Amino acid sequence: MRHRHDRHHRRRWSPAWILARGIHRTVFLFGLVALSVGAVAGAWGRSALGPSPSLSGLLCLWFTTVSLLWPLGWAATWRIARPLRRLAAVAGELQGGQLDRRSALVTEPGEVGEVSEALRGLADRLATQLRDQRALMAAVSHELRSPLGRARVLVEMAREGSAPPTLYDELDAEIAGMDGLVGDLLAAARINFEAIAPRELSVRDVAARALELAHLPSDSATFEGEAGELTADATLLARALSGLLDNGRRYGGTQVSLTVQATPDRVRFLVKDNGPGFAPGDEERAFEPFWRGPTTTAQPPRGEGLGLALVRQIARAHQGDAGAANSPTGGAHTWIDLPRGSGRVKG
């Protein structure tokens, strides 16, 4: 019950008011103690010195009051400064990179609790970003080893005069795979560091650009509803849509199409294919970084990069989402669902 009251109280009052109220409460308490002690001392002095106290009696009363106010003032100062000093010490440790010290931040009602809660939220977010970035860098460095190794083998074969006739095509494929992987990494970094530039985009232009990047004919797109415009980062959205189309072409068979389903509030970019669809449970696993499913081509997949994981990350950065499901008529459906928006994009 008390926690519910505290949450309601924090929602009702601003952090600035809570901070001022806490300091005011401490100063008022110590001031009230000082006045009470002063009143008692004044009453005692009046009874001891008589109805007409001399100058020495007044000086004695003044000295007594000041002597009481001085230590009480210091006591009030230390009472206010002590939790702030603890908070500053933990903040200094966090600044030094010891993010695990965020557990030492106090959780209590009042001004320091509000600041601690905000600081803990910031530290939690930084810790999550660092963990995700380290995992991403480790995965990317691992994935780059395969195309680099294959390219090195092809170069050695060329030096020895035993290179296959498709040498240049294979080298080009390896370079394209590495380029796509680095592009995915940069796109993910832009989202993590909130370097997103949303602007008004034509939905038809977005679809046409995605088909161009995926090397699909322009008549592969159909529109349901009024296309209009939406607010998004043009580069990131084009990368997400081309990623959906590339995924459908690699894993989904010979026929891949893009359907744009538009409503007044939202736009869904739906990719359909005629492949075997997803195995049970793969609809969610497909959105894991570097996930590989069975392909419909004879060659093993190369250079997928972050794949659908990046697609979902881009969609959620635009307050939307991405998903996948098997079609009732065969094949698979993958999509990005986005609000038309008003320029508000989160990282």
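So, counting K/R as plus one and D/E as minus one, what does the shell of residues with Cβ under 13 Å around Ala207 add up to?
On the way: positive: Arg204, Arg209, Arg268; negative: Asp205, Glu212, Asp219, Glu224, Glu229.
Within the 13 Å Cβ shell, the charges total -2.
The gain in end-to-end length when the Ser218 to Val155 segment is fully stretched comes to 19.0 nm, 0.36 nm per residue minus the alpha carbon separation.
Modelled label positions at Gln133 and Thr166, each set 7 Å beyond Cα in the direction of Cβ, lie 4.0 nm from each other. Amide H to amide H, with H built 1.01 Å from N, Phe223 comes under 5 Å of Val260, counting only residues 5 or more places away or on other chains. Assuming charge only on the beta carbon of Lys and Arg (+1) and of Asp and Glu (-1), the dipole of the range 197-347 about its Cα centre is about 300 debye to the nearest 20.
Ordering Thr128, Leu144, Ile191 by the projection of their Cα atoms onto the charge dipole of the range 126-195, which places +1 on the Cβ of Lys and Arg and -1 on the Cβ of Asp and Glu, puts Thr128 at the extreme positive end.
Laboratory data are not the source of any read-out in this text; all were calculated from the coordinates shown. Note that the structure is a prediction, hence the values are computed from the model and not measured. Positions of Cβ are backbone-derived with ideal geometry, glycine not excepted, and every protein chain shown enters the neighbour counts.
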